[in-house]
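Take a look at the structure below.
The values are calculated or read from the model by the stated rules, or taken from the named source; none is laboratory data. Source: prediction; values computed, not measured. We place every Cβ from the backbone using ideal geometry, glycine too, and count neighbours over all the protein chains shown.
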Amino acid sequence: MLHLALFLIFAVICVAGAVNLLAQKHPIESALSLVVVMGALAGLYMLLGAEFLAAIQVIVYAGAVMVLFVFVIMLLNAGEEEHTRGSKVALLFGVPGMVVGSVLGAWVLIRSNPSAKDVAIGSLYGPAREIGKLLFTTYLLPFEITSVLILIAIMGAVVLARRESQ
Amino acid sequence: MPTGNLSVVTFVIVSVIKIVLFLFVLLTGVAYTVWLERKVVGHIQNRWGPTRVGPFGLLQPLADGLKFIFKEDLTPPYVHKFLYVLAPMLSLMTALISISLIPVGGNITIAGITTPIQITDTNISLLIILGVTSIGVYGVALAGWSSNSKYSMLGSLRASAQMISYEVALGLSLIGVLMLTGSFSLRAIVEHQAGGFWHWNVFGGFQFVAFFIYLCAAYAETNRIPFDLPEAETELVAGYHTEYSSMKFAMFFMAEYANMVTVACLASILFLGGYNGPTFSGFLPPILSSLMPVIWFLARVVFFLFVYIWVRGTLPRFRYDQLMAFSWKFLLPLSLANVMITGLVVALRA
């Protein structure tokens, strides 16, 4: 019961943040809504029992990647969007239509897989110890490839930012 | 039962009391850290510091608080209002959250209720503190941008770039301690160092390199001298809080000192043995002997605050490129080397 309530709270915050991201006119407020979404996702991971992943989500995604987004928006001085004259009729029919469409899609997906159960609380790997073991045994290849990918990204950043030697 | 052996209602009441007590002590500590800084820096510079308001100037923080409350709260017309108001709140919130995870003492039994002297302990406490530090960067970045002024913008960009660079070294320096302890829980880290000062992580765990890196990275995270270029008055007027007045400025100010206190608490927990120390349980009644660890913890925290202030009064500040080079070219490789060597020792010992 408490878990359902907590799930609903985090899910509502997540969806509200995502909708706010689209509705805001200024890109910085959209970026901050995305930070809220990341935070709500971390809450959902915590509910699933993946506490290490939740903390890493906050540290890396909300605390570093989104800071990068915010930096870029600040430095580029992107101003408020101009609103073109949208159609009120489109808004009147579009928003409820989208809600109905997504509910229909979700219902079809759930019905098409009759053996799917609710995800139990705590069903993901929680402690860092277990995730470490998984990373270095079962998922070793993706781990190494990801590290090579990050190395390529770092080298790309260095090459792009290098001063041309005159 | 997640509430231990207490009923839910008792647990909630005890937790609320602890939260109020911790926040009160933290905020008073922040105010008197400002007093301590003014006195110590004053004496380093061969002058007295505050002496007039109360004995030894001890009521000076009260006078400062009243001043901030009565000052005119000015909101310049060209700022981005929502973020301008949000930024100091974000800074102060993230500065105050970390105190909820810090173990100040062992268990204490009052009126038959046994509870740890800590608001809460989770098995990812250290990661939560790192996460909260990462969110604190937003307070600084948004303050500068929303103020819509050159000095603020530059100051906040420098401050946030500095903070995210030193977060890497900070996180890596903690890994050595984590490998020795095997848990992210702060209470487990403190209890791993029980039994005399040779067990502390800085001596017995040989984490003195990590200790040095942690202190440097923490000084940079809290924007203190020698890393306080973002706030340097001679450089940037006042950096990211140029356009703030009265209560909002006071919130940034409190957030900076609360961050200092958090860093001091963490350094004493991770490297100096936390609240371990003789409890004199043979001589003292049980309540007093459960409070002895609190006194040992406070002694360490005050020591770190004193070192912070001592460094502030002594060293000149880094230039910005020296600051960034120090983080990426010196602290990062050093902390990686520390992680590798500690990992090797732990693996060979097991």
Matching residues in region B:228-274 - criterion: being surrounded by 24 or more Cβ atoms within 10 Å (Cβ to Cβ) and at pLDDT below 80 = B:Pro230, B:Gly239, B:Tyr240, B:His241
Test result for B:Gly195, over 30 Å from B:Thr75 (Cα atoms), within 14 Å of chain A (Cβ to nearest Cβ) and surrounded by fewer than 24 Cβ atoms within 10 Å (Cβ to Cβ) = no
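Take the conditions assigned to a loop (DSSP other than H, G, I, E, B), within 30 Å of B:Leu21 (Cα to Cα) and touching a residue at least 60 places away in the same chain (Cβ under 8 Å) and apply them to B:Gly273. Does it pass? Steps first, please.
Numbers: assigned to a loop (DSSP other than H, G, I, E, B): yes; within 30 Å of B:Leu21 (Cα to Cα): yes; touching a residue at least 60 places away in the same chain (Cβ under 8 Å): yes.
Yes.
Within region B:111-137, restricting attention to residues that are of a type in the set (Val, Ile, Thr) and away from every other protein chain (no Cβ under 13 Å), which residue is nearest to B:Ala255 (Cα to Cα)? First the steps, then the outcome.
In the first step, residues of region B:111-137 are kept if they are of a type in the set (Val, Ile, Thr); the result is B:113-115, B:117, B:119-120, B:122, B:124, B:128-129, B:132-133, B:135, B:137.
Those still in the list that are away from every other protein chain (no Cβ under 13 Å) too: B:113-115, B:117, B:119-120.
Working: B:Ile113: 33, B:Thr114: 32, B:Thr115: 29, B:Ile117: 23, B:Ile119: 20, B:Thr120: 21 Å.
Going through the qualifying residues, I end up with B:Ile119.
Residues are listed down the side, and each one gets a yes or a no for (1) touching a residue at least 12 places away in the same chain (Cβ under 8 Å); (2) more than 13 Å from chain B (Cβ to nearest Cβ); (3) in a helix (DSSP H, G or I); (4) over 17 Å from the mean Cα position of the chain (by Cα):
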residue	(1), (2), (3), (4)
A:Cys14	yes, yes, yes, no
A:Leu21	yes, yes, yes, no
A:Met38	yes, no, yes, no
A:Val60	no, no, yes, no
A:Val67	no, no, yes, no
A:Val70	yes, no, yes, no
A:Glu81	yes, yes, no, yes
A:Gly94	no, yes, yes, yes
A:Gly101	no, yes, yes, yes
